[in-house]
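Shown next, in structure tokens, is the structure this report addresses.
The values are calculated or read from the model by the stated rules, or taken from the named source; none is laboratory data. It should be emphasised that the depicted structure is a prediction, and the values quoted were computed from it without experimental measurement. For neighbour counting, all protein chains shown are included, and Cβ atoms are generated from backbone atoms with ideal geometry for every residue, glycine included.
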Amino acid sequence: MGKNLVEKIIAQHLISGNLVPGEEIGIRIDQTLTQDATGTMAYLQFEAMNVPKVKTELSVSYIDHNTIQIGFENADDHLYLQSVAQKYDIVFSRAGNGICHQVHLERFGKPAKTLIGSDSHTPTCGALAMLAIGAGGLDVALAMAGKPFYLICPKVIKINLNGKLKPWVSAKDVILKVLEIFTTKGNVNTVFEYGGKGVESMTVPERATITNMGAECGVTTSIFPSDKMTRLFLRSQQRESDFTELKADKDASYAKIVNIDLSKIEPLTAKPHSPDNISTVRKMKKIAVDQVCLGSCTNSSYKDLVTVAKILKGKTAHPNISFIIAPGSRQVLEELARKGYLTDLISSGARIMENACGFCIGNSQSPKSAAVSLRTSNRNFLGRSGTMDANVYLVSPETAAAAVITGHFTDPRDLKTRYPKVEISKKFSIDDSMIIRPDKKKKDVEVFRGPNIGILPRSPELFDTIQAQVTLKVGDKITTDHIIPAGARMKYRSNIPKYSEFVFENVDATFARRAMSIRQDGKQNIIVAGMSYGQGSSREHAALCPMYLGVRAIIAKSFERIHAANLINFGILPLTFLVERDYDNIDQGDELEISETKIIIAGDGKFMMRNKTKGTAFYVTCVLSERQKQIILAGGALNISNAK
């Protein structure tokens, strides 16, 4: 039996376990990436391991999230990251160089290599046939220290893209169609592998749009083959020597095969407040639009922005539209400037933002009250834009451009113009002066630590009896943005006691104060949740901050992969209802108890939970590998790494 792409890469990197879907495996990691919103904690954890240098082939630290300097915190953190990079042989990409996923595609990604990053959209590099996986910062730190990365060996779903996209339909519409088919739930421990004739003409930036937003389906990663289009992209980046052909064997097997006819896809949009709430643009009729934001790691490539520049050439943004553009990298911005497209965009009324995440994470360009904002980014969770009552729709660059012109939702096929043809540069100008490589001659580098660099909190060993109050009960699809807000609050990411003050503030503003009060009384907290708890960002702060507040367990109907791993890494029990309807019989404020916790964790992980308030009992499960059991018993992965 032949191998698919995923099996081929895993087989070459397998350290422990067997290539059997559902089993835990450990793989060798070739490359890591971090960004400044998650990187500070990752490097604090790495420092705590007392390893003199990183042990990967390449590790890159990017500054791309919190580039807005309001207060000293972000600037201090950036200097910390730069000094840590110099000390531990880490490549450092300065603020202004671009968004980590776009820059990593351009300058560092290599086919058939493994990559983990402390950002949930790390799968973007699957466009280069990398096994690229988002992870928590502690997992990235462990990989930099030379440890294996552990995951559940995924099942692989083959998605055949057949036919050809029609004019005004693009890669963004393809991934929105995939989200319509698979939704954001039920895809844990799965990889999407793309194939079919339609793939052969897709450029790497188009593929990157698709692999990037595969994260919204909750899959481990997405991957394309390495073929002639991969070679052309690497040649344009003057890195053709990094090319390796990688394709699935003809007799490769898959858990499932899904066929999508590209010619039948229409311009689509994800309506508020979930990336899988899909509709055709035409069904939106002529809803008035207040803001259009173009860019983020999803659609900020040279091809994306030139397409929009050509659509808007000679036109001016509608008077009611605030039009924002954030290029994905300095390379993209410089190329737009050299070819004259930047002038066309500025002339259309575009406001040019930094080459950074910016509006996508809600730290700038928040729309007006009750606004309709069309964005080419990847998430439209409630409040993520920074405006709680805004309605954010995810759209393609073509649909975004149509709204800029008309001032309302418009199917771009209805524009009375010819679809622009974009010639991809055969050779981009390369300028890596904003990338700082370690100076091997420098010795005894002093790491800068500003006052915002707080303590690295630890979780205690697992208690034999957990007696805890249900401090919060929430519903389905609770994202990491619900748990710990991004945007302006993220400047406290290096100061866990401070950042913890804002846990669940957009759900229940009293939660942090109540949880801390319970912790200070020597008691513990439990959170009860519905389906798909922990969607979204890989920010381990969504586990680390609740741990600091004394949360010892989460009981949910189901968890998303990265967040579940983060909970385990920080000693929080991820418990799943054995019978989902038991969720309905628990109320906020109930007192719950588990006895003989250590014995049960070491055994089958099936707990009887007593509801002391109601005098009832129900069962929950905690399915862990032997390795994860040791982590939970020790109170977290960092406790184990320090012990060793």
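From the list Ser279, Ser274, the one residue that fits, being more than 27 Å from Ile99 (Cα to Cα), under 24 Å from the mean Cα position of the chain (by Cα) and surrounded by fewer than 24 Cβ atoms within 10 Å (Cβ to Cβ), is Ser279. Between Ile346, Ile361, Ile321, Ile311, the distinction of being more than 24 Å from the chain's Cα centre (by Cα) and more than 20 Å from Val422 (Cα to Cα) belongs to Ile321 only. Checking each residue in the range 368-395 for being in contact with a Leu (Cβ under 8 Å, 6 or more places away or on another chain) and hydroxyl-bearing (Ser, Thr, Tyr) picks out Thr376, Ser377, Tyr393. In this entry, Ser373 is excluded by the filter for residues that are part of a loop (DSSP other than H, G, I, E, B), hydroxyl-bearing (Ser, Thr, Tyr) and either assigned by TED's automatic domain parsing to the domain that holds Tyr88 or modelled with pLDDT of 95 or more (or both). For Val470, the conditions (1) crowded, with 18+ Cβ neighbours inside 10 Å; (2) under 28 Å from the mean Cα position of the chain (by Cα) are fulfilled apart from (2). Please tell me if Leu232 is at pLDDT 95 or above, crowded, with 19+ Cβ neighbours inside 10 Å and of a type outside the set (Ser, Thr, Tyr). No; evaluated as a whole, the condition is false for this residue. Of (1) among the polar types (S, T, N, Q); (2) modelled with pLDDT of 95 or more; (3) farther than 23 Å from Tyr393 by Cα, Asn212 satisfies all except one. Which? Unmet for Asn212, out of (1) among the polar types (S, T, N, Q); (2) modelled with pLDDT of 95 or more; (3) farther than 23 Å from Tyr393 by Cα: (3).
Pick from the range 166-210 the residues that are among the hydroxyl-bearing types (Ser, Thr, Tyr) and in a helix (DSSP H, G or I): which of them is surrounded by the most Cβ atoms within 10 Å (Cβ to Cβ)? If we take residues in the range 166-210 being among the hydroxyl-bearing types (Ser, Thr, Tyr) and in a helix (DSSP H, G or I), then Thr209 is surrounded by the most Cβ atoms within 10 Å (Cβ to Cβ). Checked against (1) surrounded by 15 or more Cβ atoms within 10 Å (Cβ to Cβ); (2) over 24 Å from the mean Cα position of the chain (by Cα); (3) at pLDDT 90 or above, Lys421 meets all criteria but (1).
Every condition in (1) at pLDDT 95 or above; (2) over 17 Å from Ala468 (Cα atoms) holds for Thr576 except the one numbered (2).
Checking the range 398-417 against the condition returns a match, with at least one residue being over 26 Å from Asn525 (Cα atoms), of a type in the set (Ser, Thr, Tyr), part of a loop (DSSP other than H, G, I, E, B) and touching a helix residue (DSSP H, G or I) at 6+ places or on another chain (Cβ under 6 Å).
For Met229, indicate whether it is in a helix (DSSP H, G or I) and out of contact with any Asp or Glu (no Cβ under 9 Å at 6 or more places or on another chain). Considered against the rule, which asks whether it is in a helix (DSSP H, G or I) and out of contact with any Asp or Glu (no Cβ under 9 Å at 6 or more places or on another chain), Met229 comes out as no.
Residues in the range 281-326 that are assigned to a helix (DSSP H, G or I) and among the charged types (D, E, K, R) were compared, and the one that is nearest to Asp414 (Cα to Cα) is Arg282. Of the residues examined, Lys147 is not one that is more than 18 Å from the chain's Cα centre (by Cα), modelled with pLDDT of 95 or more, surrounded by fewer than 24 Cβ atoms within 10 Å (Cβ to Cβ) and part of a helix (DSSP H, G or I). All of Thr576, Thr616, Thr597 fail the test of being more than 30 Å from Met490 (Cβ to Cβ) and either touching a residue at least 40 places away in the same chain (Cβ under 8 Å) or crowded, with 19+ Cβ neighbours inside 10 Å (or both), apart from Thr597.
Table: residues versus (1) more than 25 Å from Lys442 (Cα to Cα); (2) part of a helix (DSSP H, G or I); (3) not polar (S, T, N, Q).
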position	(1), (2), (3)
Gln82	no, yes, no
Lys110	yes, no, yes
Ala127	yes, yes, yes
Ala132	yes, no, yes
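Looking only at the range 508-534, how many residues end up being assigned to a loop (DSSP other than H, G, I, E, B), surrounded by 17 or more Cβ atoms within 10 Å (Cβ to Cβ), without any contact (Cβ under 8 Å) to a residue 60 or more places away in the chain and hydrophobic (A, V, I, L, M, F, W, C)? Qualifying residue count for the region: 1.
Consider the range 382-398. How many of its residues are buried (at least 23 other Cβ atoms within 10 Å of the Cβ) and over 26 Å from Phe233 (Cα atoms)? Number satisfying all stated conditions: 6. Annotation note: Cβ proximity below 7 Å between a residue of the range 626-640 that is without any contact (Cβ under 8 Å) to a residue 60 or more places away in the chain and a residue that is hydrophobic (A, V, I, L, M, F, W, C) (sequence gap 6+ or interchain) occurs for Lys629/Ile601; Lys629/Ala602; Gln630/Ile640; Ile640/Ile631; Ile640/Ala634. Residue check: Tyr583 meets all listed conditions (1) closer than 22 Å to Gly534 by Cα; (2) assigned to a loop (DSSP other than H, G, I, E, B); (3) hydroxyl-bearing (Ser, Thr, Tyr) but one, namely (2). The set of residues from the range 8-37 being part of a strand (DSSP E or B) and within 23 Å of the chain's Cα centre (by Cα) comprises Glu24, Ile25, Gly26, Ile27, Gln31, Thr32, Leu33, Thr34, Gln35. Taking the conditions (1) part of a loop (DSSP other than H, G, I, E, B); (2) on the phi < 0 side of the Ramachandran plot in turn, Gly71 satisfies each one other than (2).
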